[in-house]
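Each remark here refers to the structure printed beneath this line.
A short reminder: the numbers here are calculations on the coordinates, not readings from a lab. Please read all numbers here as calculations on a predicted model, not as lab measurements. Because the Cβ atoms are built from the backbone with ideal geometry, glycine has one as well, and the counts that use them run over all protein chains shown.
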Amino acid sequence: MSYNPGDIISGKYRIVSEIGGGAMGIVYHAVHEAIGMDVAIKVLHGDYAESDEFRRRFKREARAAAMLKHSNICTVSDFATIEDGDRQESYLVMELLEGETLKTRMQHIGRFPVSVAVSIMRQLVSALYCAHQNKIVHRDIKPDNIFLIERDGMTDFVKLIDFGIAHLDKTEGDLKTLTQA
């Protein structure tokens, strides 16, 4: 199911626009109606939304990101599954990031000055250290999953995104087994 501007998800998130998407889902810009906060909502779609295994993986992504409190990791604030007749649709809510992926930036400027590259890597390593301290391994570090935003006058502030194939040692039961290739 796709959403249009003005649609309401779970009675609280009003869709503003579609931001983008990938194989597993679509990301929307939305507003939390009660508090007026801009958020991003990632909705699992298609065959993935119908699969119990992919819904569990998606929930694991939300859980992994929500466990991590670090300025260089995209914050996740909500997760839910909507029942619509015989269909289920899962979504997660995260902070809305305005900027571009490292991949996009690299395509535009080519080589980075050494000082910028070092700054980006230090932030990324700091985020990964936080994840590892919490027994979470991201397992999909690539330029598409490193988002660059502006924060406090810093134009290359790193936000690590997409914990979809992360390995969580802290989880219980079958969530541990979902990281298989």
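So here's what we get for this one:
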read-out: Verdict on Tyr48 being hydroxyl-bearing (Ser, Thr, Tyr), surrounded by 13 or more Cβ atoms within 10 Å (Cβ to Cβ) and in contact with a helix residue (DSSP H, G or I) (Cβ under 7 Å, 6 or more places away or on another chain); value: yes
read-out: Residue list for the stretch 15-42, filter: of a type outside the set (Asp, Glu), more than 18 Å from Ile161 (Cα to Cα) and loosely packed, with under 15 Cβ neighbours inside 10 Å; value: Ser17, Ala34, Ile35, Gly36, Met37
